[in-house]
Amino acid sequence: MKKFLFDLFPLLLFFIAYRYTDIFTATGVAMAAAVAQIVWLKATGRPTEAMHWINLTVILVFGGATIWLHSDVFIKWKPTVLYWLFGGALVFARLLFGRNLIRRLMEKQIQLPDAAWDKLNMIWAAFFLVAGALNLYVAFSGHFTESQWVSFKAFGLMGLMIVFVIGQSLWLGKHIQTEENTPSGPGATPPGKP
């Protein structure tokens, strides 16, 4: 839970700063928080994950453009770019290099058949691509205010992620049970066969 809150630190500060100031100040606060995250991880000797570096780079580039050009368009693109980078990395790592990044992240916690790992990798990629597109819709369709977009960015996308993770856990539970109930070894018979 602490790690989850730590990873959300820049987003939560962005939301709070926006409530009391404007999008440009909130963007600066999020940028400073992302830098502070990396500094704190380095100072305490904790591991810095690739996700932290990617998030830092994207927030500095898009946040910097937002402040420098005084246009909220760039910060509104930031979640989409971040999600599409993650989704694209999952797809291209699998297709071009034969690497399943989701498996590399989770295989110490759970064991799945190869086909289930491939499905899980593509399900995560699809989630990131859809979430990125949904952010663009809320940000630029004209049906939502800037304040509604900020709330969606802070809580809507996080809520979608939580629902997705719960759904994924149920799906994984089914595959783990199937694997546990499948006999293995010489002379084993499949379930339902004498």
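Structure data summary
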item: Selection count, the range 46-58, where residues are more than 17 Å from V29 (Cβ to Cβ) and surrounded by 16 or more Cβ atoms within 10 Å (Cβ to Cβ); result: 1
item: Tally, over the range 126-163, of residues that are aromatic (F, W, Y) and surrounded by fewer than 17 Cβ atoms within 10 Å (Cβ to Cβ); result: 4
item: Of all residues in the range 88-104 being among the aliphatic types (A, V, I, L, M) and exposed (fewer than 12 other Cβ atoms within 10 Å of the Cβ), the one that is farthest from G173 (Cα to Cα); result: L96
item: F144 assigned by TED's automatic domain parsing to the domain that holds L170, at pLDDT 95 or above and either within 18 Å of the chain's Cα centre (by Cα) or in a helix (DSSP H, G or I) (or both); result: no
item: Residues being in a loop (DSSP other than H, G, I, E, B) and either basic (K, R) or at pLDDT 90 or above (or both) - total across the range 72-113; result: 5
item: Of all residues making up the range 125-141, the number that are in a helix (DSSP H, G or I) and without any contact (Cβ under 8 Å) to a residue 40 or more places away in the chain; result: 6
item: Any hit, the range 59-69, residues being in contact (Cβ under 8 Å) with a residue 40 or more places away in the chain, of a type outside the set (S, T, Y), assigned to a helix (DSSP H, G or I) and surrounded by 18 or more Cβ atoms within 10 Å (Cβ to Cβ); result: yes
item: Any hit, the range 90-105, residues being β-branched (V, I, T), under 18 Å from the mean Cα position of the chain (by Cα) and assigned by TED's automatic domain parsing to the domain that holds G173; result: yes
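This table checks each residue for (1) assigned to a helix (DSSP H, G or I); (2) out of contact with any helix residue (DSSP H, G or I) (no Cβ under 8 Å at 6 or more places or on another chain); (3) within 23 Å of V73 (Cβ to Cβ); (4) hydrophobic (A, V, I, L, M, F, W, C).
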site	(1), (2), (3), (4)
F6	yes, no, no, yes
A34	yes, no, yes, yes
I38	yes, no, no, yes
H52	yes, no, no, no
N55	yes, no, yes, no
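The values are calculated or read from the model by the stated rules, or taken from the named source; none is laboratory data. The structure displayed is predicted, hence computed values, not measured ones. No Cβ is skipped: glycine too gets one built from the backbone with ideal geometry, and neighbour counts run over all protein chains shown.
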